[in-house]
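Student: There's a structure below that I have some questions on.
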Amino acid sequence: MPGVRDISAEAFIAAYASHLKRSGKLEVPVWVDLVKTASFKELAPYDPDWFYVRAAAVARHIYLRKDVGVGALTKLHGGRNRRGNRPSHHADSSASVQRKVCQALEKIGVLEQTDNGGRRISQDGQRDLDRIATAVVEAAKEEEEEDEEEEAEEDEE
C-alpha cells in the first residue's frame, strides 16, 4: 500500500489541501487574508487558500519525522531575506502562523503534542494521510491508463 513517502510532495500537498478545504473541519483564522507569512516578505500570499496548503505541508513534514516543534517549522518555511545592497541571509518565517496551523491540525485530530513540547502525527492523522496518498496514486494510475488508451487509438488511425 503506497504511503506519503512514495509520492511527490507537490502532488500530496495539493491533494491534502483540497481535502482539508472540502471537509470544512479545519478552523481558519479570520486574519489569513491580511497577514504576511514572514517578516522578510513584502506582501501577503496571493493564493486565498494558502492556509490549507501550509497546513498540508506541515502535516506531511511532521508525518515524515517523529517530533517537530514550531521552531523547526519556522526554519523550514523561511527563506531569503534580501537586505538591500548587503548580502542576503536566511530568515525564519512567522512562528505565530506555524503555531496556529499546528493548533488547527490538533483540533481536528491530525496532530498531538508530545511530552517534550513538540508535535507528532496522531493515529487518526496517519490513517488520513495514508488514505489521501493512496487516492493520489490511484488517480495517477487511472490517468496513465487513459493516456495509454488515447495513444493506442491514435496509433490505430
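The values are calculated or read from the model by the stated rules, or taken from the named source; none is laboratory data. Note that the coordinates shown come from a computational prediction; the quantities given were computed from them, not determined experimentally. Here Cβ is always computed from backbone atoms with ideal geometry, including for glycine, and neighbour counts include all displayed protein chains. Side chains included, ligands, DNA and RNA excluded: accessible areas come from the protein's heavy atoms. Shrake-Rupley method; radii C 1.70, N 1.55, O 1.52, S 1.80 Å.
Student: Using per-residue counts of other Cβ atoms within 10 Å, averaged over each peptide, order 133-140, 50-57 from highest down. Spell out each step's value before the answer.
Tutor: Values: 133-140: 15.9, 50-57: 22.5.
For the peptides 133-140, 50-57, the packing ranking is 50-57, 133-140.
Student: What is the set of long-range amide H partners of Leu26 at a cut-off below 5 Å, with H atoms built 1.01 Å from backbone N?
Tutor: Answer set, sorted by chain and number: none.
Student: For Lys41, give me every one of the aspartates and glutamates with a C-alpha distance below 16 angstrom, ignoring sequence neighbours fewer than eight places off in its own chain.
Tutor: Filter leaves Asp33, Asp92.
Student: On C-alpha positions alone, give me the angle between the axis of helix 50-64 and the longest principal axis of the chain, in degrees, nearest 10.
Tutor: For helix 50-64, the angle is close to 80 degrees.
Student: Taking a 1.4 Å probe, which of His89, His77 shows the most accessible area, and what order do the others take after it?
Tutor: Result, largest first: His89, His77.
Student: Where nothing but the Cβ of Lys and Arg (+1) and of Asp and Glu (-1) is charged, how large is the charge dipole of the chain around its Cα centre, in debye to the nearest 20?
Tutor: For this selection, approximately 2620 debye.
Student: Still on this structure, please answer the following. On a 31 Å Cα-Cα criterion, which of the cross-link pairs Lys36/Lys107; Lys36/Lys141; Lys66/Lys107 come out too long?
Tutor: Violating the 31 Å Cα-Cα cut-off are Lys36/Lys141.
Student: Heavy atoms only, probe 1.4 Å: what % of the accessible area of the stretch 54-149 goes to carbon and sulfur, would you let me know?
Tutor: 40
Student: Okay, moving on. Explain nothing, just compute: Karplus ³J(HN,Hα) = 6.51 cos²θ - 1.76 cosθ + 1.60, θ = phi - 60°, for every residue of the stretch 103-113 in order, whole Hz, x for Gly and Pro.
Tutor: 5, 5, 5, 5, 4, 8, x, 7, 10, 9, 7
Student: I would also like to ask the following. How much solvent-accessible surface does Lys21 expose, in Å² to the nearest 10, with a 1.4 Å probe and all protein chains in place?
Tutor: Roll a 1.4 Å probe over it and Lys21 shows about 100 Å².
Student: Starting from the coordinates of the alpha-carbon atoms of the stretch 117-157, obtain the Kirkwood hydrodynamic radius over all distinct pairs and give the value in Å to one decimal. Before the final figure, lay out the partial values.
Tutor: Details: mean 1/r = 0.0781 Å⁻¹.
Averaging 1/r across every pair of different Cα atoms and inverting gives 12.8 Å.
Student: Residues of the chain: accessible area per residue at 1.4 Å, in Å²?
Tutor: Values: 10140 Å² over 157 residues.
Spelled out: the 1.4 Å probe surface of the chain, per residue, equals 65 Å².
Student: Now for a separate question. By what distance, in whole Å, do the Cα atoms of the chain stretch along each of the three principal axes, largest value first?
Tutor: 61, 44, 28
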